[in-house]
Amino acid sequence: MTNYELEYFPVRGRGEAIRLLLSDSGLTYKEINVLSPDPSAWANKFKPRMPFGQCPMFRDGDFELVQSNAILRYLGRKHGLVGNSNEDLSKADMVNDSVEDLRSEYVRFIYQNYDAGKEEFVKKLPEKLKPFEKFLANGKSTFVLDKITFVDYNLFDLLDILSVLSPGCLKEFPVLAKYFQTIADRPGIKERRSSEACKKMQINGNGKQ
Ligand code: 0HH
């Protein structure tokens with residue numbers, strides 16, 4: 001039993017990689033919807049409490065943390081989902097930063113330029129996925145490191161939402177496609193993805209995907 005709470009909008013967004021990590025590790029948590037009991041709750045109640053004005057916020061007892069990547073790393077360190085050496089930790093950080101770069105581009109496109117930018121974004125997607133394919137192909141393991149770590153949940157979630165945007169985008173990348181499937185087949189990942197809570201969440205706040 002944990003004292004974990006996740007305060008976030010009722011979307012997959014920047015919360016989903018955290019939810020996947022928790023589910024895959026069998027860690028229970030309470031989901032707190034920042035739009036509840038009504039949408040004004042975000043501006044009036046939750047936002048002023050966020051150290052940087054944004055969520056997700058993760059709470060472990062009295063300890064509060066924002067920034068989705070910091071939360072992933074916190075949980076990774078706490079639950080043995082990080083590398084053992086400085087080199088391994090840094091490798092995971094490097095890939096996670098690359099996931100963040102592509103996620104940020106995706107988020108900007110989704111919220112600011114969806115209709116005009118979709119064709120171009122989808123066209124350029126293979127060249128953005130290629131480095132991930134190459135990186136994983138160079139390793140000896142199924143995962144970014146020699147075991148699953150926080151970064152795998154983040155990369156998996158990114159590949160998942162990109163596959164919704166551009167179905168079949170992993171087909172030309174056999175290593176990435178296999179990587180995606182290996183993680184998708186893990187019981188805790190299946191449990192989260194097939195849950196009603198997940199299925200009823202849209203990916204992004206504006207309904208675009
Ligand atoms: N760097 C931060 C991180 O990684 C960025 C956090 C962030 O952008 O954690 N937070 C946004 C919410 S993510 C935020 O707090 C986008 C989801 C928006 C859903 C909106 C409505 C859903 C309706 C069903 N944004 C609010 C704000 O800045 O006031």
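The values are calculated or read from the model by the stated rules, or taken from the named source; none is laboratory data. Note that this is a predicted model, so its numbers are computed, not measured. Positions of Cβ are backbone-derived with ideal geometry, glycine not excepted, and every protein chain shown enters the neighbour counts. Heads up: the accessible areas ignore ligands, DNA and RNA and are worked out on the full protein's heavy atoms, side chains in. Shrake-Rupley method; radii C 1.70, N 1.55, O 1.52, S 1.80 Å.
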query: Once every DSSP H run of n ≥ 4 in the chain is given -39500 (n - 2.57) and the sum is divided by its residues, what mean residue ellipticity at 222 nm do you get, rounded to the nearest 500 deg cm²/dmol?
result: -17000 deg cm²/dmol
field: Under 14 Å, Cβ to Cβ, from Pro167 - net charge with Lys/Arg +1 and Asp/Glu -1
entry: 0
- request: Consider a paramagnetic label point 7 Å from the Cα of Tyr111 along Cα→Cβ; state which residues of region 33-65 have an amide N under 15 Å from it.
  value: 43, 47, 52-57
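How many percent of the accessible area of the chain is carbon or sulfur, using a 1.4 Å probe?
That share works out to 51 percent.
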- prompt: In the P(r) worked out for region 86-186, what percent of Cα pairs fall beyond 22 Å?
  reply: 27
task: Once you have the Kirkwood Rh of region 23-97 from its Cα pairs, apply Stokes-Einstein at 10 °C and 1.306 mPa s and quote D in µm²/s.
output: 112
query: With a sphere of radius 14 Å drawn around the Cβ of Leu102, what net charge do the other residues whose Cβ falls strictly inside it have (Lys, Arg +1; Asp, Glu -1)?
result: -2
- prompt: Tally Lys and Arg at +1 and Asp and Glu at -1 over the other residues with C-beta under 15 Å from the C-beta of Asn113: what net charge comes out?
  reply: +1
query: Based on DSSP H assignment, which helices of the chain show an axial Cα extent of at least 18 Å together with a mean Kyte-Doolittle hydropathy greater than or equal to 0.5?
result: 150-165
message: Can you tell me what percent of all Cα-Cα pairs in the chain are more than 20 Å apart?
response: 58
- request: Counting only heavy atoms of the protein chains, get the accessible area per residue of region 101-209 (1.4 Å probe) and round it to a whole Å² value.
  value: 53
field: Alpha-carbon centroids, region 14-80 and region 81-144: separation in whole Å
entry: 22
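Of all beta bridges DSSP finds with both residues in the chain, what is the antiparallel percent, to the nearest 5?
60
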